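Inspection log for the structure reproduced underneath, given as C-alpha cells.
The values are calculated or read from the model by the stated rules, or taken from the named source; none is laboratory data. Owing to the predicted nature of the structure, the values given are computational and were not obtained by experimental measurement. A quick note on method: Cβ atoms are made from the backbone with ideal geometry, for glycine too, and the neighbour counts reach across all protein chains shown.
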Amino acid sequence: MWNDFFKYPGDSKSDTLSPEGKAAAHTRRVFLFKAAVAMNAIVGAVLAVPLLGYILGPSLKKSSEVGSWIPLGSIEEFPMGETRLAEFVSPVKSLGDGETAKVACWVRRTSTGSFQVFAINCAHLGCPVRWFAQAKLFLCPCHGGAYYETGERAAGPPERGLFQYRTRIENGALMIHAGDMPTLATQAKCTGKPLVQIASAAEEKA
Amino acid sequence: MAETGKDLKKTAIDEGLKLYKWVESRLGLIQPAVEAAEHPTPSNNASWWYVFGSAATVLLIMQVMTGVLLALVYTPSAGEAWSSLQFLNHNVALGWYLRALHGWGSDFMIAIVILHMLQVFIWGAYKFPRELTWMFGVVLLLLTLGMAFTGQVMRFDQDAYWGLGIGASISSRVPLIGAPLVHMVLGGPIIGAATLSRFFTLHVFVIPGILIGAVGVHVWMVLKHGVSDWPMPGRIVLKSTYEREYHELVEKTGIPFVPDAAWKDAVFAAAIMFSVMACAFFFGPFGPGGMPDPTIIQTAPKPDSAFLWIYAVLAFLPTEIETPVMLVVPVIGIAFLLLLPVFFGEGERHWARRPVAMLTISVLAVGLGIFTRLGMYTPWSPVMNAWSGDATPPQYIYGKTPLEREGALVLQDKQCRNCHQLSGQGGQRGPALDDIATRMNEDQIIRQVLQGGGNMPAYGNALNPSETKALVAFLSSLRGQNLTPAVDSTRGLVQQSSMPRPPEPVPTQTP
C-alpha cells in the first residue's frame, strides 16, 4: 500500500496499478499530503543545521586555536638538575570548571636557561605520572608505564615518551604554552606547530 | 444492622465496578494489560531459571526512582558535584542510603542483565522467532553498561576524573577524527564543566530514555512470541515448524503467566531487591573518593567493577597492536553478539547438543573472570610507596657482608621494590627477587640493572659504580632457600682450558 502511495503517478513502475488506483494516486488530497510531507522534510533539514552545529561545536574548533602562553612561576623556583611538580590554571578554563581547571605538570631544569615541561598525563591512557627522583623515573599508577628523566619511554605500554609543553623564558618567568588536554591526537599546539617531540628537544634549545 | 452492612458492601462493590467501567471505557488499556498478563505460557518454562529478565526490569524501576530522588540534591557542575555528594552523604537525611541503593542497584542490575543474557544464550532462546528480541537485549546490555560508565562519572571524584582522561585517550587513538572526537567526548579542550554536563545529560536524559523505550519493545516482543519453551535435545528449531509446535505446546500444557508462572519472578525480584537494600544498608554508598583536583596526583585511578576487565586487558596488550585491538575488537564483538541469531537462528537449542557454543561461553566467562580478578589487584602497576613502606625482611640481611647490606639499602633507596617483591611484599610488575641469584649470575644481573630490557627501565643513569657494585652483591646473595646459585656454564670450560692462564697475583704482604 505504501509502495503504491509513494509511486509517482504515470511512473512506469505504477503500470501495475488499476486505473482506479492511478486515479486515486492523482487526487488533490494525495498531492497536498505529499507536498506537506516535503515541507516538513525541508523544515527538518533546516532545523538540523543549528542543532548539529550546536552538538558538533566543541569538535569543530581546531586544536591549534586552543590555548595560550601562561607563566609557571619564576625560574628561580626550579633548581638546576631537579624535576619538580608545578601547577597552573588552564588558560582554556570555562564557567564552572572549579578544581578541574587546575593542571599539574613536571618541570625539569636542565641548565640555566633550558627547561623541559612534561604533561602530567601518561602517553598511554592519560593517568597522572609520578616522579621518582632516586630511580630517575616517571611511573604511571594505571598500567605501569615508565619514562626516563628526559621524558623518553623507558618501559611499559606507552608507545612514546611523555608529552612536552613548549617553553620560553620571559622576564625571568618560565612560560609554557598550554591548551588541550594532552592526548595522542590533541597535544598542546601553538600557531599550528606540533608539540615538541622528545627527539626534537635538542633543536628546540638551539 | 446486618442487612445494612451487606447493602453497604454491595453498594461499594457496585460503585467500584462503575468507576472501573467509566475509566476503562475511556482508557481501554486495563483489559488488554490483564489479558497480556494472563497469557498462557508452556508449563515447562515456569522455572526458576526464567526469572532474570523481570528482576532486571524491577531493578531498572528502582534505579529510575532513586536516580530521580538523588537528582533533587545532586549538582551536575564540575565545581560542586563532589561537594554535593558529600552533602548527600552527610547532611541530607538518608541521602547516604539513597546513594547506596542507586550504587548497589547498578552493580546488581549489571549482574542480573548478564545472567539473563547467559541464560538466554545457554537455553538457545535467541533462535527463531526471537532474533530481534535478542538484538534488543544486546542493545539493552550496552545501554546498561553505558549507564554504569556515565554513572561513575557522576560520582565526580578522582577515579571519575582520570577515567574520563582514559576515555579521551582511547578516543584520541581513532585515526583521522581523533582530535575532534576527544573534544566531542570532553565537550571542550579539557576535562571540566562541559564534560560533566554532557555525561549528566547522557546519564539522566539520553540513555535512560532509550533504555526505557527499548525495554518496552523488548517486552512487547516477549509477549508477541511468548516466553521460550524449555529446550529438549533433539527438538529442532525450524522456521517452517517452530511457531506451530510452540502453539501446540501452549494449547496442551499452557498455564496463565500470571499467577502460575509469575509468582517465581515475583519471589526472585523481591529477593534481589532485598539484597540490594541489605548491601546498601550494610556496605553503604560508593565514595565519592578523593576530590577531582587534577593537581593531586597521589592517586591510582581504577574503574568500577564492570569495567575492571577492560582496564586489565589494556595493561597486557602489546604496544604495537594496542590501538587496533582497542578500536576494532569492540566493533567485532558487538557485531557478533547482534548478528548471532542471524547466523544461528535455527537448529538445536539444548546445551548438550551445542558444544561449540558452550565452549565459547565458558572460555569467555573464565577470561572475563580472570581479567576482572587481575584488575582488582593490578599486578602490573608499580606499588608507589613500596620503597619506603615495605622494609627489607631481616632474614635477607642477617649474616650478610657490609657490601651486601649496603646493596640492600640501594635496593630500597632506588625504589626497586616498587616493582619487585621481597618475601611477598612490594610491586609485582617485575619478578620477585627472593631467589634472583639462582636464575641470573652476576654478569647477567649487572647487565639487567644497568641496561634494563624485558620491560625493565635501564638504571645506568640512576646508579653510580659503587651503588651498582653493592646492589649486585646483595642481589647475588639472594638464593631463596639456599639454592644453588646460577653460574655461567662456560666458566668451567675456561677453568679447564689448556690456554696458559696469567699467573695469580701475589698478595702483597702488609706489615
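Values as computed for the structure displayed
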{"item": "Count of residues meeting criterion [surrounded by fewer than 20 Cβ atoms within 10 Å (Cβ to Cβ) and part of a loop (DSSP other than H, G, I, E, B)] in the stretch A:168-189", "result": "2"}
{"item": "Top-ranked residue in the stretch B:443-458 [being more than 14 Å from chain A (Cβ to nearest Cβ) and either in contact with a strand residue (DSSP E or B) (Cβ under 9 Å, 6 or more places away or on another chain) or more than 23 Å from B:Gly424 (Cα to Cα) (or both); ranked as surrounded by the fewest Cβ atoms within 10 Å (Cβ to Cβ)]", "result": "B:Asp443"}
{"item": "Test: residue in the stretch B:129-151 that is crowded, with 22+ Cβ neighbours inside 10 Å and touching a Cys at 6+ places or on another chain (Cβ under 9 Å)", "result": "no"}
{"item": "The listed residue being within 14 Å of another protein chain (Cβ to nearest Cβ), within 26 Å of the chain's Cα centre (by Cα) and not in a loop (DSSP other than H, G, I, E, B), out of B:Gly369, B:Gly375, B:Gly427", "result": "B:Gly375"}
{"item": "Helices (runs of 4 or more DSSP H) wholly inside the stretch B:117-231 that include at least 1 residues being under 25 Å from B:Val331 (Cα atoms) and more than 14 Å from chain A (Cβ to nearest Cβ)", "result": "B:131-154, B:207-225"}
{"item": "Residue match in the stretch B:309-320 (condition: part of a loop (DSSP other than H, G, I, E, B) and either crowded, with 17+ Cβ neighbours inside 10 Å or within 14 Å of chain A (Cβ to nearest Cβ) (or both))", "result": "yes"}
{"item": "Filter result (outside any helix (DSSP H, G or I), free of Cβ contacts under 8 Å to residues at least 12 places away in the same chain and closer than 28 Å to B:Leu223 by Cα) within the stretch B:23-81", "result": "B:Gly28, B:Leu29"}
{"item": "Lone unmet requirement of (1) of a type in the set (Gly, Ala, Ser); (2) within 13 Å of another protein chain (Cβ to nearest Cβ); (3) over 17 Å from B:Gly163 (Cα atoms) for A:Ser114", "result": "(2)"}
{"item": "Total residues in the stretch B:430-459, condition under 20 Å from B:Ala386 (Cβ atoms), part of a loop (DSSP other than H, G, I, E, B) and either among the charged types (D, E, K, R) or touching a residue at least 12 places away in the same chain (Cβ under 8 Å) (or both)", "result": "8"}
{"item": "Extreme residue, nearest to B:Ala300 (Cα to Cα), among residues of the stretch A:144-155 that are surrounded by fewer than 24 Cβ atoms within 10 Å (Cβ to Cβ) and not hydroxyl-bearing (Ser, Thr, Tyr)", "result": "A:Ala155"}
{"item": "Unique match (being more than 14 Å from chain A (Cβ to nearest Cβ), in a helix (DSSP H, G or I), without any contact (Cβ under 8 Å) to a residue 40 or more places away in the chain and among the aliphatic types (A, V, I, L, M)) among B:Val356, B:Val342", "result": "B:Val356"}
{"item": "Any pair with Cβ under 8 angstrom, 6 or more apart, that starts in the stretch A:15-33 at a residue that is touching a residue at least 24 places away in the same chain (Cβ under 8 Å) and ends at one that is assigned to a helix (DSSP H, G or I) and surrounded by fewer than 13 Cβ atoms within 10 Å (Cβ to Cβ)", "result": "A:Val30/A:Phe5"}
{"item": "Single residue of the stretch B:459-490 satisfying the filter (surrounded by fewer than 18 Cβ atoms within 10 Å (Cβ to Cβ) and charged (D, E, K, R)) that is nearest to A:Ala133 (Cα to Cα)", "result": "B:Lys469"}
{"item": "Complete set of residues in the stretch B:392-409 that are part of a helix (DSSP H, G or I) and either surrounded by 15 or more Cβ atoms within 10 Å (Cβ to Cβ) or in contact (Cβ under 8 Å) with a residue 40 or more places away in the chain (or both)", "result": "B:Tyr396, B:Leu403, B:Glu404, B:Arg405, B:Glu406, B:Gly407, B:Ala408, B:Leu409"}
{"item": "Conditions (1) surrounded by fewer than 13 Cβ atoms within 10 Å (Cβ to Cβ); (2) at pLDDT 90 or above; (3) more than 14 Å from chain B (Cβ to nearest Cβ); number of the one not met by A:Glu77", "result": "(1)"}
{"item": "Residues of the stretch B:410-423 satisfying the condition of being at pLDDT 90 or above and part of a loop (DSSP other than H, G, I, E, B)", "result": "B:Lys414, B:Gln415, B:Cys419, B:His420, B:Gln421"}
{"item": "Total residues in the stretch B:247-275, condition among the aromatic types (Phe, Trp, Tyr), modelled with pLDDT of 95 or more and surrounded by 14 or more Cβ atoms within 10 Å (Cβ to Cβ)", "result": "1"}
{"item": "Residues located in the stretch A:133-165, provided they are part of a loop (DSSP other than H, G, I, E, B), of a type in the set (Gly, Ala, Ser) and within 8 Å of chain B (Cβ to nearest Cβ)", "result": "A:Ala135, A:Gly144, A:Gly156"}
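Table: residues versus (1) within 23 Å of the chain's Cα centre (by Cα); (2) touching a residue at least 60 places away in the same chain (Cβ under 8 Å).
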position: A:Ala41; (1), (2): no, no
position: A:Ile75; (1), (2): no, yes
position: A:Arg84; (1), (2): no, no
position: A:Val89; (1), (2): yes, no
position: A:Val92; (1), (2): yes, yes
position: A:Arg109; (1), (2): no, no
